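Please read the structure below before turning to the comments.
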Amino acid sequence: MKNLQTKVYVDEDISQLLVKILRDKGLDAVSALEVNMKEKPDEQHLAYAKQEKRVLITCNRVDFIKLAKI
């Protein structure tokens, strides 16, 4: 059976503490700060999450909903 572990990408507007908590719970979590994506445009954050097959966690909901519809 294939490993279905959730991979998470945490946007820079979220506390680094969440990344630690997710990792402590066994999830594969990375932050925008860790992958040198700080202050990049939202389009690049979404592209990174898609490329890496990661769930994107952000507080910037409205902008990302718009981007997802493009």
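The values are calculated or read from the model by the stated rules, or taken from the named source; none is laboratory data. What you see is a predicted model, and the numbers here were worked out from it, not measured in a lab. Virtual Cβ from ideal backbone geometry, glycine too; neighbours counted across all protein chains shown. Please note that ligands, DNA and RNA were not included when accessible areas were found on the heavy atoms of the full protein model with its side chains. Shrake-Rupley method; radii C 1.70, N 1.55, O 1.52, S 1.80 Å.
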Residue-averaged 222 nm ellipticity for the chain, from DSSP H runs of 4+ at -39500 (n - 2.57), nearest 500: -11500 deg cm²/dmol
What's the magnitude of the charge dipole for region 1-60 around its Cα centre, counting Lys and Arg as +1 and Asp and Glu as -1 at the beta-carbon? Answer in Debye, nearest 20. 380
Which residue, Leu56, Leu17, Leu33, has the most motion in a Gaussian network model of the chain that connects Cα atoms within less than 10 Å? Leu17
Would you mind working out the accessible area per residue for the chain, using a 1.4 Å probe, and quoting it in Å²? 73
Globularity ratio of the chain, using Cα Rg and 2.2 N^0.38 Å: 1.10
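Contour minus end-to-end for Leu27 and Asp42, with contour as 0.36 nm per residue of separation and end-to-end as the Cα-Cα distance?
So the extension gain works out to 3.1 nm.
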Residues with amide H under 5 Å of Leu56's amide H, sequence separation 5 or more or different chain, H placed in the peptide plane at 1.01 Å from N; which? Tyr9
Heavy atoms only, probe 1.4 Å: what % of the accessible area of the chain goes to carbon and sulfur, would you let me know? 55
For labels at Gln51 and Leu18 in the simple 7 Å Cα→Cβ model, what's the distance in nm? 2.2
